[in-house]
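Heads up, the thing below is written out as structure tokens.
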Amino acid sequence: NNVRVDIRAGGRMVGEYFRRIGRKRPAVILGDYKRECLDDIEHSLARGKERGFLDGIGMDRKEVIWIRGGYSYADGFASCLKLLQTGAPFDCVFCGNDILATGFLAAAHANGIRVPDDVAVFGFDNIEVSQFTIPALSTVDLQRREIGRAAADGLLDLIRHRDCRVDLTLKPQLILRDSA
């Protein structure tokens, strides 16, 4: 049984959105767990987000600023500072998850960056806190409820000895809020 989300499609949607609103100097902040047990999973998720984003924004990898960090609030804050230290101009930021993006938003505010006027910011996963940040965080919803429902249905079929395979790929949804 297999239930998954098309991560690449989520990255592509963010890139397309930035392109549609005329943002031309993107930065991408993706985490780096540095834990052996998560390396394979995280690598494939990050690659999907990266490839999708580049497809969507229609740019070459060299045209994008890449910041590697972790996935925590503190990592998001530090990643904003790293980005500012590069001195490179940027007008949009795609963060690998919402917690990272909330830290980025806090650092941006502390450094006088107006979101979304100066920089549009997107997170990825639509956790509950994303709607309560200031400004409210635009994000990619991974359809977690639908994943859980499909997985539970598949498990119940197995328990009931039904010969039913679950093979489902869900498409994420773009959630537009005030940060972009």
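The values are calculated or read from the model by the stated rules, or taken from the named source; none is laboratory data. These figures come from a predicted structure and were not determined experimentally. Note that each Cβ is placed from the backbone with ideal geometry, even for glycine, and that neighbours are counted across all protein chains shown. Accessible surface areas use protein heavy atoms only, side chains included; no ligands, DNA or RNA. Shrake-Rupley method; radii C 1.70, N 1.55, O 1.52, S 1.80 Å.
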Open item on the list: Loop by DSSP (not H, G, I, E, B), at most 15 other beta-carbon atoms within 10 Å: where is the longest site-free stretch of the chain for trypsin sites (Lys or Arg not before Pro)?
Closed with: 36-113
Task: Net charge over other residues, Cβ less than 13 angstrom from the Cβ of Pro89 (K, R count +1; D, E count -1) - done: 0
Task: Charge dipole (the chain, unit charges on Cβ, about Cα centre) - positive-most of Tyr71, Gly52, Ile29 - done: Gly52
TODO: Could you please state how large a percent of the accessible area of the chain is carbon and sulfur, counting protein chains only and using a 1.4 Å probe?
DONE: 51
TODO: Write down the Å³ per residue value for the convex hull defined by the alpha carbon atoms of region 60-153.
DONE: 112
- [ ] Rounded to whole Å and ordered largest first, report the semi-axes of the equivalent ellipsoid of the chain derived from its Cα gyration tensor (root of 5λ).
- [x] 31, 16, 16
